[in-house]
Amino acid sequence: MGERIAVLVSGNGTNLQALLDDPFCGPRISLVLADRAGIRALERSEARGVETLVIEPSSFADRGSFDEAVAGALQRHGADVVVTAGYMRLLGPAVLDVYGGRWLNTHPALLPSFPGMHGVHDALEHGVKVTGVSVFLVDEGIDTGPIVLQEAVEVREDDDWRSLESKILEVEHRLLPAAVRALVEGRLVVEGRHVSIGGGDR
């Protein structure tokens with residue numbers, strides 16, 4: 001498997017920063033693609049000399065055209081692996097047909113619990129005592145792909161959204177680079193919905 005990593009971003013880019021700082025992942029990031037300009041994630045990329053690209057949905061007549069533009073850009077830049085790091089768009093078959101099995105996302109909850117855009121908020125509202133982080137292979141659903149790594153995070157009585165998100169981000173910043181490395185090194189073994197990681201460091 002190739003080693004060129006493309007990262008999709010929409011906002012502050014703390015997960016992107018964790019990837020950039022990782023000694024394995026950082027040198028292999030060849031493109032950071034955003035759905036809007038002027039975001040902190042692009043500044044982080046440019047500070048490291050990583051090529052950036054903005055493709056805004058509003059520039060396209062429909063979602064299908066936007067998806068095709070994203071897929072085309074990833075292929076033109078030679079991306080072998082795609083990582084969603086706070087990218088707030090659901091991309092369709094145009095991207096999945098090319099990168100299925102080579103596309104990772106992270107979610108701030110223990111999937112299949114609390115999928116969607118508000119995993120931290122939803123966990124707090126539900127009153128759970130434990131939530132966590134999931135890193136998974138993207139499929140055609142919303143946060144439904146095979147889970148690669150998970151780690152639990154305790155929800156304390158005094159946690160609010162900010163404190164819980166901080167704890168979750170700390171875990172994401174460890175798990176996402178580990179999962180990306182395993183994928184790039186070809187150590188993920190996928191059997192249906194079950195994923196195992198072969199030898200080497202986690």
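Just a few scattered comments:
- Sole residue being surrounded by 13 or more Cβ atoms within 10 Å (Cβ to Cβ) and closer than 29 Å to ILE168 by Cβ, chosen from GLY72, GLY127, GLY132: GLY132
- Scanning the stretch 37-69 for residues that are surrounded by fewer than 17 Cβ atoms within 10 Å (Cβ to Cβ) and part of a loop (DSSP other than H, G, I, E, B) returns ALA37, GLY38, ARG48, GLY49, GLU51, GLU56, PHE60, ALA61, ASP62.
- Qualifying residue in the stretch 91-102 (condition: crowded, with 20+ Cβ neighbours inside 10 Å, within 21 Å of VAL195 (Cα to Cα) and aliphatic (A, V, I, L, M)): no
- Only a single item in (1) closer than 29 Å to LEU96 by Cβ; (2) outside any loop (DSSP other than H, G, I, E, B) is not met by GLU170, and it is number (1).
- Residue among VAL153, VAL133, VAL128 that is over 19 Å from GLN17 (Cβ atoms) and assigned to a strand (DSSP E or B): VAL153
- Near pairs, Cβ below 9 angstrom, 6+ apart or cross-chain, from the stretch 164-181 (farther than 17 Å from VAL128 by Cβ) to any residue that is among the β-branched types (Val, Ile, Thr) and assigned to a helix (DSSP H, G or I): LEU169/THR14; GLU172/THR14; HIS173/THR14
- When HIS107, HIS77, HIS118 are checked against the criterion of being within 23 Å of LEU164 (Cα to Cα) and surrounded by fewer than 22 Cβ atoms within 10 Å (Cβ to Cβ), a single residue qualifies: HIS118.
Quick note: the coordinates plus some simple rules give every number you see, no bench work behind them. Predicted, not measured: the structure shown is a model, and the values here were computed from it. Heads up, the Cβs are rebuilt from the backbone with ideal geometry, glycines too, and the neighbour counts pull from every protein chain shown.
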